[in-house]
Amino acid sequence: MEHLSAIKGAKVLMVGAGGIGCELLKTLALSGFQDIHIIDMDTIEVSNLNRQFLFRQSHVGQSKAKVAREAVLRFRPQISITPYHANVKDSDFNVDFFKQFSVVLNGLDNLDARRHVNRLCLAADVPLVESGTTGFLGQVTVHIKGRTECYECQPKPAPKTYPVCTITSTPSKFVHCIVWAKDLLFAKLFGDKNQDNDLNVRSNDSASSSDHSEDVFERKKDEDFEQYAKRIYDHVFGHNIESALSNEETWKNRNKPRPIYVKDVLSDEIQQNGNVDKTPATDNSSMLSAMAYLGLKNPQDIWSLKENSRVFFAALKLFFSKRQKEIGNLSFDKDDHLAVEFVTAAANIRAASFGIPLHSLFEAKGIAGNIVHAVATTNAIIAGLIVIEAIKVLQNDSKSCRMTYCLEHPSRKMLLMPVEPFEPNKACYVCSETPLVLEVNTHRAKLRDVVEKIVTSKLGMNLPLITHGSGLLYEVGDDLEEDMVANYAANLEKVLSELPYAITGGTMIQVEDLQQELVCNINIKHREEFDEEKEPDGMVLHGWTQAPAAENKDTATSSSNNGASTSSTSTTLVPTDMEEDDELTILETGIETIAAGKKRKLSDVSNSETPIPTDDKRAKKIAEHAEDDVVVMLDDEKKNSR
Amino acid sequence: MNGEELTEQETALYDRQIRVWGVDAQRRLSKSHVFVSGLKGTAVEFCKNIVLAGVGSLVLNDDNPATGEALAANFLIPFDENMGGEGSLAELCCDSLKDFNPMVHVSVEKGDLSTFGVDFFEKFDVVVISCCSLAAKKSVNEKCRKLSKRVAFYTVDCRDSCGEIFVDLQNYSYAKKKVDETVQCQLQYPSFEEAIAIPWRSLPRRVAKLYFAMRVVERFEDVEKRRPGETSIADLPNVMKLRNELCLAHSLNESQIPDSLLERLVVSTKEFPPVSAVLGESSARLFEVIKAISGKGDPLKNFFFFDAVDGKGVIEDISTS
Ligand SMILES: [Zn+2]
């Protein structure tokens, strides 16, 4: 096998030691790779064990990268594996670090890190083999600078966002209730009190009552816990709904919600509910459970409104009695059982109020926890395909590299479908130098808005530096002089047109990430007005390859609610397993087209809710390639016989 | 719910996969009993996965010693300088697999596969054999078919950078969800012997070339009384001669079985680990799909081929119907 020398001499970097990573490390070791470096910041969790086969129960809590190394060395002690229990975005992993590798293999689970690694690979000129799986679907792609498209050449669908009024006032799906329970109620009760929170945003002018409601969440001195808990319950599920109902306009075309008060659901019960002290004493806060306390066993069961209310009170009580110290700095974590119980119960009570079907804790956890649905076999198949592509790259045989899709149902007889890689997108701001255009009100937007809404969140920069002409406006880093830090902090609060080097319409700024070695030029275009619903950022970036989000339609007409929402938090991020899922959304449309044999279908899809701008062309290419099959085979055989 | 619920421990461990295929499927999976014979890299991948996924029990069969080559492709067996004489492949794999998932019962059955009678296979729902002779494939398949209960039969083989999976589900009926109704579907599977006896001319056009090539090599090993994979470059002329004879008998153009493909199968008979991973996992997946997900698409019928050279993973229906 001629590939052996290429394998033996290679030094590879794996990013991610999770579902795909475990399989990949095993297959690399079996295939004869001798020098493997692996970065993963995560520690092992129980729910990893069914598929991340290098890990055991006894490893829970330890570094994935380190445990994976030890596990593989047990059957392959001769090889060198270097683990890094760290974030790939750490500054240690700079371009020079990446340059030492022959190829980089990604087994990541989030868009942010993928984009970051893509940029470092481009800057270091190291080929990247990228992968992703969701359930039975998966894909492997190869990115070689100048030869194939980079990871960011094609639109990456945006995480779904919802107008804040959908969440605060007019939920129509269970996911809206989950977001409310998790990002608003949970955050309000247990999180940082100084964070902006739209929990009390109302549909109409309610200035008088909102003053009052500010205090609702504060426990009064000497207030009995039962009193406090009931007051919160009545406020969020009762009074808040009542006052939302007072805005007739909102409910013209909607079903009215039903206010729910404790007395209607639980009568006197909560007082008799004993005290939480009878729960087993434990120092481990992750063991606390309202379900156990109430004798509820099956997380698959859908609780009644009454049961949800009891879980709500029990969870609240456990938080206040057993986890008092954490209150004020908790953020939702899907592995925090008590938090999941609380969010499930609160979401269900709200759902009951709005006539939305209730869900089990198991389902609620999936929605709230940003859980990627995973099957071990898909990860292992994808890992095998990554190694096959990596070997082609190492043999400098980039012409035979393929993107491969792993499908759930055969399409043209294929379960594993190879497709020729696409050429780089000339308009890609990451791998080519096409300038971006930013429409912004230069007299109103502050530099901070541009940094937060554009540079960090849209361009995915980690350590940005912003210059205008010869003037430095903003910079992030550890080794900055104090006066510079103060200067930048002051700049952040200034309106663009009043900065020391004024940014006005027609000027161009340069945004740079020193770690990613990515430079973007942004042409500024002044615009006076922005639509709050459609352009919630108050600015619009063009030439940037993220597809618009889909979900906003059903509430587009509820502009009457807008007055109360603040623009800074006018959308709420909804946790779905977006990165891996969404890539596959594109894939599925492409494949469906092929399977059905009618290319027309695709245009239906692209005209529908999710606009996929360039997808038509791509799907066509996939279809053509698939039809091509005889030619492809002959080609490969010729190559092989040489 | 049948009164049998998954335990809390099971729900926590299998959380992610239950999200894909549901609780009922997980319960069915945990009641199935599987037999695997021939523990090279591909079969080991299969075993790893069904143990992780939570089958009821797994019985392993492979009396071969854990020697250098067998170890090279096996991530289940810890490396030991003084290896040798310390138990069979099956025994060593069994220890590791038990450790993977304490909820699955893993055990070893010693003995030669050909000596197991019909009754032996009655204990299982699924029988998987890997790296076996043509005779063994036919005979085990027939034994499974003689039983009154349906025992799913799989063969999994990997040579160099390509390989094949065969599935016999006998008479398989399943519920399929159409837009808003559920229809009962029936699939009739041929046995391995029946499938390979189908005249090549009558197969669908553009059947994977690998299908023919595998038949030629399998036949060669059978005629020459070789063990599976016991071929070398010296055999190539005779293998090509056999190819020509078979093509003539089946009136198939010889170009359908290219020299280059035969050469790969004959010369490098070792399993190539990434391909083993793809094949072994694909078989585990097909197994999961059939066991677990009814009503969502059709089960595989009845061959799967993968070749790393063109990168395609193809399903072929090779049956008379
Ligand atoms: Zn690009």
Considering only the range B:139-153, I want to know if a residue exists there that is in a helix (DSSP H, G or I) and within 14 Å of another protein chain (Cβ to nearest Cβ).
no
Of the residues in the range A:410-442 that are free of Cβ contacts under 8 Å to residues at least 60 places away in the same chain and part of a loop (DSSP other than H, G, I, E, B), the one that is nearest to the ligand (Cβ to nearest atom) is A:S432
Being buried (at least 18 other Cβ atoms within 10 Å of the Cβ), free of Cβ contacts under 8 Å to residues at least 60 places away in the same chain and within 29 Å of A:P155 (Cβ to Cβ): is that true of A:L514 here?
yes
Of (1) within 21 Å of A:H239 (Cβ to Cβ); (2) buried (at least 22 other Cβ atoms within 10 Å of the Cβ); (3) at pLDDT 70 or above, A:C150 satisfies every one except (1)
Scanning for something closer than 26 Å to A:E218 by Cα and modelled with pLDDT under 90, does the range A:293-302 turn up at least one residue?
yes
For the range A:365-392, name all the residues that are in contact with a strand residue (DSSP E or B) (Cβ under 7 Å, 6 or more places away or on another chain) and surrounded by fewer than 24 Cβ atoms within 10 Å (Cβ to Cβ).
A:V372, A:H373
Working only within the range A:132-156, note down all residues that are assigned to a strand (DSSP E or B) and away from the ligand (no atom under 13 Å from the Cβ).
A:G132, A:T133, A:T134, A:G135, A:L137, A:G138, A:Q139, A:V140, A:V142
Options B:S191, B:S268; residue that is touching a residue at least 24 places away in the same chain (Cβ under 8 Å), closer than 24 Å to B:A308 by Cβ and under 25 Å from the mean Cα position of the chain (by Cα):
B:S268
State whether the residues of the range B:77-85 include one that is in contact (Cβ under 8 Å) with a residue 60 or more places away in the chain, surrounded by fewer than 23 Cβ atoms within 10 Å (Cβ to Cβ) and more than 11 Å from every other protein chain (Cβ to nearest Cβ).
no
Within the range B:30-47, tally of residues that are in contact with a Ser or Thr (Cβ under 9 Å, 6 or more places away or on another chain) and either within 9 Å of chain A (Cβ to nearest Cβ) or within 24 Å of A:L73 (Cα to Cα) (or both):
8
Among the listed residues A:D215, A:D211, A:D222, A:D198, identify the single one that is part of a helix (DSSP H, G or I) and modelled with pLDDT under 85.
A:D211
Given (1) farther than 19 Å from A:I388 by Cβ; (2) within 10 Å of the ligand (Cβ to nearest atom); (3) surrounded by fewer than 24 Cβ atoms within 10 Å (Cβ to Cβ), A:N118 misses just (3)
How about the range A:40-68: which of its residues are small (G, A, S) and in a helix (DSSP H, G or I)?
A:S47, A:S58, A:A65, A:A68
Condition first: small (G, A, S), within 21 Å of B:I318 (Cβ to Cβ) and either crowded, with 20+ Cβ neighbours inside 10 Å or without any contact (Cβ under 8 Å) to a residue 24 or more places away in the chain (or both). Now tell me which residues in the range B:211-262 satisfy that.
B:A213, B:A249, B:S255
Collect the residues in the range A:92-124 that are assigned to a loop (DSSP other than H, G, I, E, B) and in contact (Cβ under 8 Å) with a residue 24 or more places away in the chain, keeping them in residue-number order.
A:F93, A:N94, A:Q100, A:F101, A:S102, A:G107, A:L108, A:D109, A:N110
Among the residues of the range A:458-499, write down those that are in a loop (DSSP other than H, G, I, E, B) and modelled with pLDDT of 90 or more.
A:E493, A:K494, A:L499
Suppose we filter B:D63, B:D125, B:D112, B:D119 for residues that are more than 14 Å from chain A (Cβ to nearest Cβ), among the charged types (D, E, K, R) and under 21 Å from B:E281 (Cβ atoms); which single one remains?
B:D125
Would you point out the residue of the range A:99-114, among those that are buried (at least 22 other Cβ atoms within 10 Å of the Cβ) and over 16 Å from A:A390 (Cα atoms), that is modelled with the lowest pLDDT?
A:L111
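The values are calculated or read from the model by the stated rules, or taken from the named source; none is laboratory data. Just so it is clear, the structure is predicted and the values come from calculations on it, not from any experiment. Because the Cβ atoms are built from the backbone with ideal geometry, glycine has one as well, and the counts that use them run over all protein chains shown.
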